[in-house]
Amino acid sequence: MKKGIHPENYRLVAFKDMSNEDVFITKSTVNTKETIMHEGVEYPVYKLEISRTSHPFYTGKSKLIDTAGRIDKFKTKYAKFDKK
């Protein structure tokens, strides 16, 4: 391997899923400014919107999304441009 091309600042980082508050620890070089206490140890924390514990593909559960309200809002907004 070539020397000097790989990052040297690998450290343990806590990744926190904000949708279900799940925390998992892994080595990373991600820049963080916040820390979190997890099982009595303080780690730098990186917040995620979705992870393996909340993604529908991995959980097998799908979330209901209100698209009907969005579609109705779109139709009323652009009804004046109707070419009938």
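Of the residues that sit in region 11-29 and are surrounded by 11 or more Cβ atoms within 10 Å (Cβ to Cβ) and part of a loop (DSSP other than H, G, I, E, B), which one is modelled with the highest pLDDT? Per the stated criteria, the residue is Thr29.
When residues in region 30-84 are screened for being under 16 Å from the mean Cα position of the chain (by Cα), in a helix (DSSP H, G or I) and either farther than 14 Å from Asp17 by Cβ or modelled with pLDDT of 70 or more (or both), 1 of them pass.
The values are calculated or read from the model by the stated rules, or taken from the named source; none is laboratory data. None of the values given here were measured: they were computed from a predicted structure. A quick note on method: Cβ atoms are made from the backbone with ideal geometry, for glycine too, and the neighbour counts reach across all protein chains shown.
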